[in-house]
1. Order by neighbour count: VAL159, VAL97, VAL145, VAL72, fewest other Cβ atoms within 10 Å first, most last.
2. Given an 8 Å cut-off on Cα distances and at least 6 residues of separation, report the relative contact order of the chain as a percent.
3. Among HIS36, HIS116, HIS16, rank each residue by its count of other Cβ atoms within 10 Å, from fewest to most, as a rough exposure measure.
4. Suppose we keep just the alpha-carbon trace of the chain; what are its Rg and Dmax in angstrom?
5. May I have the pair-distance distribution P(r) for the stretch 129-177, computed from all Cα-Cα distances with 5 Å bins from 0 and rounded to whole percent?
6. What's the whole-number percent of alpha carbon pairs in the stretch 35-126 lying beyond 20 angstrom?
7. Output the 0 to 90 degree angle, nearest 10, between the alpha-carbon long axis of helix 100-112 and the longest principal axis computed from the alpha carbons of the chain.
8. Any chance you could give the angle, 0 to 90 degrees and rounded to 10, that helix 44-61 forms with the longest Cα principal axis of the chain?
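Each reported figure results from applying straightforward, stated rules to the coordinates on display, with no laboratory input. Here the structure is a predicted model, which is why all the values come from computation and not from measurement. Cβ atoms come from the backbone with ideal geometry, glycine included; neighbour counts cover every protein chain shown.
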Amino acid sequence: MAEVTGAPAEVVPPQHPSLPAWPTEPPSVDQTGTSHLVLALGGGEDAASTARSWLAVAAAQAPTTLGVLDDVDDPEDRATLLGLVDRARTGVRVLVVGGQYDVMQALALLRARGAHESELRAFVTDRRELPVFCGHCQSVTRAVVEPGGEADCRGCGRVLEVHEHAAATLGAFLASDARAGAS
Ligand SMILES: [Zn+2]
């Protein structure tokens, strides 16, 4: 896989595809953690059963907190998530499961709060919904779309072309005006 290093997120359209590489099976619990935070973000029964499996292993090894949320965009759920993340201490290992939109947004939030990649493990149960970052108005839209497809921006109403490029810091796929002319 080609790695894009140092490419600013503002480059639109991006020069190289960069799609998230999700594992096909739930990753294992990192037994070196001094505590664990298991986050189930929507995702239905698949996510719930993955979270339960993680919880059983993690709780046998170190203090473990479980957070079950429906939707990272819901203000109450988001406040709960921020509270859990802010209470997490050094040595915590975070396991996130849910639909792609919620997992990507939660991982970006965790990174923004100082989590290192080595502390984060994620499993996506459903790739139907993508977070789409509008390069024009900077808002993130939850859209049922494939990379390369089009989605309506909820911020500015533009029809966006969703690029095959996910920016980890944004927790979203980059997108730009689909009607502005091809590159
Ligand atoms: Zn927009």
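1. Numbers: VAL159 13, VAL97 28, VAL145 20, VAL72 25.
Fewest-to-most ranking of VAL159, VAL97, VAL145, VAL72: VAL159, VAL145, VAL72, VAL97.
2. Relative contact order, the chain: 22 percent.
3. HIS116, HIS16, HIS36
4. Both quantities, over Cα of the chain: 16.7, 56 Å.
5. Spelled out per bin, shortest first, that is 5, 30, 41, 21, 3.
6. Working: 1041 of 4186 pairs.
Summing the P(r) tail past 20 Å for the stretch 35-126 gives 25 percent.
7. The answer is roughly 80 degrees.
8. The angle comes out near 40 degrees.
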